[in-house]
Amino acid sequence: MKLTVIGGTGRIGSQVVQKLTAAGHSAVPAAPSTGVDLITGTGLDHALEGADVVIDLANSPTFDEASLEFFRTSMRNLLAAGEAAGVRHQVVLSIVGVDQVPQLDYYRAKTLQEDLLRQGPTPYSIVRATQFFEFMDAVLSWTADGDTVRLPATRLQPMAAADVVDAVVEVSTGTPLGGIRNVAGPDVFALDELGRITLAARQDSRTVVTDDTAGMFAAVTGDVLIAGPDAHLASTHYRDWLRKAR
């Protein structure tokens, strides 16, 4: 099977390409570095030539309102190029609860991407994942100030990037879902608690202060980022991942 991986040189994409190749598939990474521009469409026809499946792992360069136009244009270009190339399955990686947080520009943009995929001409699958363990460093940096990190008590169910890769590969090599598969980590944390666990594991002496107005996730209320009962739960626990990462 030939699969074109859009964003195939990134954190998730490069691992998806490796895993597909190891399983005997023909996995083609497509990214600006390989001559593919999602916004102008340059290089798309060549990258999708002969592809059975397109896996869209590309990300917007910003998380603000401009992300809406990025996903609108890139999704339309991918769907048109995929139809012309005879692609039989379009797969997109999205976020658990993405349509429940309209106050965040980036989440609205990803919801738009999902909607365009559903309305498109090709059988599709949406893999919605929870937040990655690997993003905790960025989350901590957003509201760090000297010896203090301010974090809200937003509830998350994070997962390892490697487990996201497994989910994307499984869905992409199967029959199109025509819907959504939710995937998540095995444990639920409040974000401020997750920050304390992370700093303690790294012997970082900074103090986490609970502040429900701090950072991007302050805009999230309730349990909308927690996977529901139908979710596929990964096996990697955050504390175990932290120990191995050290």
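The values are calculated or read from the model by the stated rules, or taken from the named source; none is laboratory data. Keep in mind that what you see is a predicted model, and the values were worked out from it rather than measured. Reconstructed Cβ throughout: ideal geometry from the backbone, glycine too, with neighbour counts over all protein chains shown. Accessible surface is based on the protein model in full, side chains and every heavy atom, while ligands, DNA and RNA are left aside. Shrake-Rupley method; radii C 1.70, N 1.55, O 1.52, S 1.80 Å.
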Legend entry - Over the chain, relative contact order from alpha-carbon pairs under 8 Å, at least 6 apart, %: 18
Legend entry - Residue-count net charge about Pro152 - beta-carbon cut-off 9 Å; Lys, Arg +1, Asp, Glu -1: -2
Legend entry - Proximal charge balance of Ala245 [Cβ under 15 Å; K/R count +1, D/E count -1]: +1
Inset, instruction - Figure the gain on full extension for Ala66 and His232 (residue separation times 0.36 nm, minus the Cα-Cα span) and round it to one decimal in nm. - result: 56.6 nm
Legend entry - Considering only the chain, percent of DSSP beta bridges that pair antiparallel, nearest 5: 10
Legend entry - Principal-axis tilt of helix 105-119 within the chain, Cα atoms, nearest 10 degrees: 30
Inset, instruction - Can you tell me the dipole magnitude for the chain around its Cα centre, using point charges on the Cβ only (Lys, Arg +1; Asp, Glu -1), in Debye to the nearest 20? - result: 520
Inset, instruction - For Glu49 and Gln203, compute 0.36 nm times the residue count separating them, minus their Cα-Cα distance, and round to one decimal in nm. - result: 50.4 nm
Legend entry - Förster radius 41 Å - calculated FRET efficiency between Asp187 and Ala22 (Cβ-Cβ, nearest 0.05): 0.90
Inset, instruction - Take the solvent-accessible surface of the protein heavy atoms, probe 1.4 Å, and return the percent of it on the chain that carbon and sulfur atoms account for. - result: 50
Inset, instruction - Could you tell me the distance between the Cα centroids of the stretch 86-129 and the stretch 191-246, to the nearest Å? - result: 24
Legend entry - Label corresponding to Rg and Dmax of the Cα atoms in Å when calculated from the structure given, among [x] 18.3, 56; [y] 15.9, 49; [z] 21.8, 71: [x]
Legend entry - Per residue solvent-accessible surface (Å²) - the stretch 68-116, probe of 1.4 Å: 36
Legend entry - Backbone N within the stretch 191-233 under 11 Å of label point (7 Å from Glu170 Cα along the Cβ vector): 231-233
Inset, instruction - At most 15 other Cβ atoms within 10 Å plus a DSSP loop assignment makes a site exposed; report the longest stretch of the chain without any exposed GluC sites (Glu not before Pro). - result: 66-246
